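The values are calculated or read from the model by the stated rules, or taken from the named source; none is laboratory data. The structure presented is a predicted model; accordingly, all values stated were derived computationally and were not measured. So basically every Cβ, Gly included, is an ideal-geometry build from the backbone, and we count neighbours across all protein chains shown.
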Amino acid sequence: MSADTPTPDHAAAADDPVVGALRQRLGDHAVLEQATLTGMPVVWIPRESLSEVLKFLRDMPEPFEMLYDLSATDERLRANRRGLPASDFTVFYHLMSIARNRDVMLKVALAESDLKIPSVVSLYPNANWYEREVWDMFGIDFAGHPHLTRLLMPPTWNGHPLRKDHGARATEFDPYTLTVEGQDVEQKALQFKPEEWGMRRENEDTEFMFLNLGPNHPSAHGAFRLVLQLDGEEIVDCVPDIGYHHRGAEKMAERQSWHSFIPYTDRIDYTGGVMNNLPYILAVEKLAGIEVPERAKTIRVMMAEMFRITSHLLFLGTYLQDLGAMTPVFFTFTDRQKAYEVIEAITGFRMHPAWYRIGGTAMDLPRGWDTLVQGFLDWMPRRLVEYERAMMENAIVRERTRHIAAYTTREALAWGVTGPNLRATGCDFDLRKKRPYGGYENFDFEVPLGSNGDVFDRGQIRIEEMRQSLRIIQQCVDHMPAGDYKADHPLTTPPPREKMLQHIETLITHFLQVSWGPVLKPNESLQMIEATKGINSYYLTSDGNTMSYRTRIRTPSFPHLQQIPAVMRGGFVPDLIAHLGSIDFVMADVDR
């Protein structure tokens with residue numbers, strides 16, 4: 001490898017046992033390990049070995065039981081690729097092993113003239129949507145896929161948006177017009193044809209009804225469409241239809257500086273606030289080589305947990321609203337308001353503060369912050385007790401949720417389920433404990449677990465998680481470190497204001513960092529966090545520029561919705577509504 005090829009980190013060392021097993025199976029000539037800052041082995045393998053390798057990793061002792069992510073990169077304009085296989089397009093597979101608490105990434109190189117790769121849906125069922133997304137965005141064909149059609153873009157869309165030669169701005173397209181004839185074409189394209197999905201309209205004694213649930217806004221989750229195949233009230237099958245909120249967040253990252261993309265991250269899970277900033281900022285800091293001060297880490301943890309509470313309160317109110325209870329949402333929104341008063345006093349904003357910065361936070365904590373936060377900490381515990389007493393112990397709620405839409409840990413992992421929905425099955429996996437990041441290693445808290453993996457457990461576990469978030473925030477109040485709220489590093493954006501006003505060199509740096517953005521060396525980094533709805537991650541590729549070459553945003557809600565048919569076949573419509581409320585999804589988190 002050349003001088004500008006990154007050096008490997010400790011987690012991707014050459015003697016990694018998984019890489020060694022792959023070399024032994026395929027031969028040294030067929031396995032190339034790439035040095036990155038992702039914190040895992042990144043291995044290039046031949047296309048013809050893909051299915052064999054995935055099956056081997058899935059079935060080995062302490063297996064890689066989850067396909068965490070699957071996407072692609074258009075490599076054609078990437079300048080810094082020395083030491084890597086020739087590739088016009090790269091498909092990557094991010095696998096996770098709960099037993100090993102380890103990840104591995106496989107990469108397959110494709111030529112532009114031969115964009116075909118085997119589908120792996122038979123090995124990992126959740127590959128279905130990921131492969132459809134890659135075909136939609138990049139035009140890569142997955143041979144053997146059961147239904148390779150558009151997923152996020154409209155059926156009539158031309159081109160593949162994440163290719164480098166596809167336009168990124170409105171000025172690169174003709175003005176949008178929609179004639180009456182064009183509207184008819186669009187409407188016909190949206191018509192659901194059961195036969196295309198392998199569904200029958202009738203059997204020997206029953207004519208099935210097909211019902212569109214959506215794409216209206218059924219509650220607080222977002223515009224989402226479910227086409228139900230019904231035999232009376234029984235759900236024979238269903239097809240989730242997403243993409244109504246898609247606005248090309250990953251494409252936007254290719255034309256925003258490392259700094260100016262921060263506000264876009266707030267809008268992914270729009271109930272998560274600064275929680276969405278965290279994985280992106282941590283991934284950028286890996287690329288920049290920035291070590292964040294302890295005070296900044298603690299402030300970040302405190303504000304992230306505040307947003308975990310506001311998100312879970314929104315969940316709890318709408319969850320019970322979906323079950324038919326109207327009053328609880330008013331109580332949960334009242335408590336969210338108290339949390340937002342604290343958030344606004346500290347950050348200056350409410351839902352979307354975009355407050356984290358490369359190297360720290362936008363500003364230090366204001367005077368009197370601790371009194372304000374302590375007031376919220378004193379208020380909330382009694383409210384959580386009341387929610388349990390009046391709601392989760394309610395006989396009607398229990399009847400509607402116990403043993404409804406239940407699934408096992410094994411099924412959850414097969415579908416890529418993470419976060420509270422995974423822990424509701426009894427699986428003890430929380431990244432804050434298993435892979436501490438951003439300062440979480442300094443905090444004492446417990447990981448609530450369920451046992452049945454049903455609608456009830458998914459609701460109850462989030463109340464317990466709010467208690468643990470309060471516990472973490474109390475430790476932040478009691479033990480907030482002194483020191484700087486931002487790292488003293490040339491790539492910190494923006495530089496500390498005090499120094500900017502004193503030194504002309506820092507003033508010049510400030511101007512360049514904000515107007516052009518910091519220049520990060522060529523490399524790849526990835527950061528996973530335990531976000532409000534499950535594991536969220538940013539996989540960043542730098543080509544030595546002021547902006548990202550490729551930003552992959554893996555969100556938890558995307559696989560959670562894909563799992564719906566597997567959970568609900570044979571169930572009933574009221575149970576489906578209860579299950580939808582228990583998932584805790586927002587469509588911007590699905591569609592990006």
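Just one of Arg432, Arg367, Arg410, Arg400 is in a helix (DSSP H, G or I), surrounded by fewer than 16 Cβ atoms within 10 Å (Cβ to Cβ) and in the same structural domain as Leu282 (by TED's automatic domain parsing); which is it? Before the answer, list the steps.
Values: Arg432 fails: surrounded by fewer than 16 Cβ atoms within 10 Å (Cβ to Cβ); Arg367 fails: in a helix (DSSP H, G or I); Arg400 fails: surrounded by fewer than 16 Cβ atoms within 10 Å (Cβ to Cβ).
None of the others qualify; the one that does is Arg410.
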Restricting the stretch 453-491 to residues that are within 25 Å of the chain's Cα centre (by Cα) and of a type in the set (S, T, N, Q), the one surrounded by the most Cβ atoms within 10 Å (Cβ to Cβ) turns out to be Ser469
**Request:** Would you confirm whether any residue within the stretch 160-170 is part of a loop (DSSP other than H, G, I, E, B), out of contact with any helix residue (DSSP H, G or I) (no Cβ under 9 Å at 6 or more places or on another chain) and within 18 Å of Phe138 (Cα to Cα)?
**Result:** yes
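Would you confirm whether any residue within the stretch 374-391 is more than 24 Å from the chain's Cα centre (by Cα) and more than 30 Å from Ala325 (Cβ to Cβ)? Steps first, answer last, please.
As a first pass, look at the stretch 374-391 and keep what is more than 24 Å from the chain's Cα centre (by Cα): 374-391.
From what's left, more than 30 Å from Ala325 (Cβ to Cβ): 374.
Within the stretch 374-391, one or more residues are more than 24 Å from the chain's Cα centre (by Cα) and more than 30 Å from Ala325 (Cβ to Cβ).
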In the set Ala127, Ala170, the lone residue that is closer than 25 Å to Met252 by Cα, free of Cβ contacts under 8 Å to residues at least 24 places away in the same chain and aliphatic (A, V, I, L, M) is Ala170
Being surrounded by fewer than 20 Cβ atoms within 10 Å (Cβ to Cβ), under 15 Å from Phe142 (Cα atoms) and of a type in the set (A, V, I, L, M) narrows Ala86, Ala109, Ala72 down to just Ala109
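Just to check your reading of the model, which residue among Leu470, Leu422 is under 27 Å from His94 (Cβ atoms), not in a loop (DSSP other than H, G, I, E, B) and not charged (D, E, K, R)? Before the answer, list the steps.
On the way: Leu470 fails: under 27 Å from His94 (Cβ atoms).
Of the residues listed, the single one that is under 27 Å from His94 (Cβ atoms), not in a loop (DSSP other than H, G, I, E, B) and not charged (D, E, K, R) is Leu422.
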Of the residues in the stretch 370-382 that are free of Cβ contacts under 8 Å to residues at least 40 places away in the same chain and charged (D, E, K, R), the one that is surrounded by the fewest Cβ atoms within 10 Å (Cβ to Cβ) is Arg382
Picking from Val185, Val236, Val180, the residue that is hydrophobic (A, V, I, L, M, F, W, C), within 31 Å of the chain's Cα centre (by Cα) and either surrounded by 12 or more Cβ atoms within 10 Å (Cβ to Cβ) or not assigned by TED's automatic domain parsing to the domain that holds Tyr437 (or both) would be Val236
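Based on what the data block shows, is Phe142 within 29 Å of the chain's Cα centre (by Cα) and more than 20 Å from Gly243 (Cα to Cα)? If you could, list the steps in order and put the result at the bottom.
Values: within 29 Å of the chain's Cα centre (by Cα): yes; more than 20 Å from Gly243 (Cα to Cα): yes.
So Phe142 fits the description; yes.
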inquiry  = Would you confirm, using the coordinates I've provided, whether Leu323 is assigned by TED's automatic domain parsing to the domain that holds Leu377, closer than 23 Å to Trp379 by Cβ and surrounded by fewer than 24 Cβ atoms within 10 Å (Cβ to Cβ)?
reply    = no
Note on the stretch 24-81: residues touching a residue at least 40 places away in the same chain (Cβ under 8 Å), assigned to a loop (DSSP other than H, G, I, E, B) and not hydroxyl-bearing (Ser, Thr, Tyr) are Gly39, Met40, Pro41, Ile45, Pro46, Phe64, Glu65, Arg76, Leu77, Arg78, Ala79, Asn80
Across the stretch 524-548, the tally of residues that are surrounded by 24 or more Cβ atoms within 10 Å (Cβ to Cβ) and not in a strand (DSSP E or B) stands at 5
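Is it true that Ala109 is outside any helix (DSSP H, G or I), in contact with a Pro (Cβ under 6 Å, 6 or more places away or on another chain) and not acidic (Asp, Glu)? Give the steps one after another, and end with the answer.
Working: outside any helix (DSSP H, G or I): yes; in contact with a Pro (Cβ under 6 Å, 6 or more places away or on another chain): yes; not acidic (Asp, Glu): yes.
Considered against the rule, which asks whether it is outside any helix (DSSP H, G or I), in contact with a Pro (Cβ under 6 Å, 6 or more places away or on another chain) and not acidic (Asp, Glu), Ala109 comes out as yes.
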Condition check for Pro175: touching a Lys or Arg at 6+ places or on another chain (Cβ under 6 Å) and either of a type in the set (A, V, I, L, M) or assigned to a loop (DSSP other than H, G, I, E, B) (or both) | no
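Working only within the stretch 286-304, note down all residues that are among the charged types (D, E, K, R) and surrounded by 24 or more Cβ atoms within 10 Å (Cβ to Cβ). Please lay out each step first, then the result.
So the first thing to find is which residues in the stretch 286-304 are among the charged types (D, E, K, R), and the list is 286, 291, 294-295, 297, 300.
Within the stretch 286-304, Arg300 is the sole residue that qualifies.
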From the option list Ser51, Ser97, Ser87, single residue qualifying as among the polar types (S, T, N, Q) and out of contact with any Pro (no Cβ under 8 Å at 6 or more places or on another chain) is Ser87
